[in-house]
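*Asks:* Mind having a look at this structure? Questions to follow.
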Amino acid sequence: MKVIAFAASNSSTSINKQLVTYAASQLEGINVEVLDLNDFELPLFSQDKENQLGQPALAQAFLNKVQSADALLISFAEHNGSYTAAYKNLFDWVSRIEPKVYQDKPVVLLSTSPGPGGAKNVLAAAEASMPFFGAEVKATLSVPSFYDNFDPENGGIIHPHLNDKLVTTVQLLQ
């Protein structure tokens, strides 16, 4: 089994990348590839740009990664209550190549933020919309107050109850 994991953020210090990397490490015996959205940076999508550029190779490369997976693990950062511009832009380009971006694959959705909301708004938006784009959402989990609940030095969830919830949620991909 192969899982593609990524944070829907392009921040070099992304807490969602830390979370998704840790979550992916809990899938024992599974081939997991953690992607960095910075490797798929594209110009701002518009129909004019699409007419000018066609289908960019980086959009196709991202779609190829998704197509190569048996399942997906995604952690969403929240910018002003919504998706990050980096994720939304990549998604817009890829969806023009293949509207069913997520290829009817099982997906677990995560989110975190520094505050107590844990990026629940963007997580709810993703859970509601992703099935229209071919995602079979198996579960979602918001991790609130990242800096109170995650130990960056050890790369894991501090509180046993929350860690157990994360492990149980991620294992639904197996």
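The values are calculated or read from the model by the stated rules, or taken from the named source; none is laboratory data. What you see is a predicted model, and the numbers here were worked out from it, not measured in a lab. Because the Cβ atoms are built from the backbone with ideal geometry, glycine has one as well, and the counts that use them run over all protein chains shown. The protein model used for the area step is the full one, side chains on, heavy atoms only, and it has no ligands, DNA or RNA in it. Shrake-Rupley method; radii C 1.70, N 1.55, O 1.52, S 1.80 Å.
*Asks:* From the residues in segment 1-29 that are polar (S, T, N, Q) and not in a helix (DSSP H, G or I), which one is most open to solvent (accessible area, probe 1.4 Å)?
*Replies:* Restricting to residues being polar (S, T, N, Q) and not in a helix (DSSP H, G or I), the top hit is S12.
*Asks:* Further question on the same structure: Within segment 44-79, how many residues are closer than 18 Å to L109 by Cα and of a type in the set (S, T, N, Q)?
*Replies:* Number of matching residues: 2.
*Asks:* Which strands (runs of 3 or more DSSP E) sit wholly inside segment 30-121 and have at least 2 residues that are in contact (Cβ under 8 Å) with a residue 40 or more places away in the chain, open to solvent by less than 30 Å² (accessible area, probe 1.4 Å) and among the hydroxyl-bearing types (S, T, Y)?
*Replies:* 105-112
*Asks:* Another question, then. Please state which of the following conditions T168 fails to meet, knowing it meets all the rest: (1) in a strand (DSSP E or B); (2) free of Cβ contacts under 8 Å to residues at least 24 places away in the same chain.
*Replies:* Checking T168 against (1) in a strand (DSSP E or B); (2) free of Cβ contacts under 8 Å to residues at least 24 places away in the same chain, the one that fails is (1).
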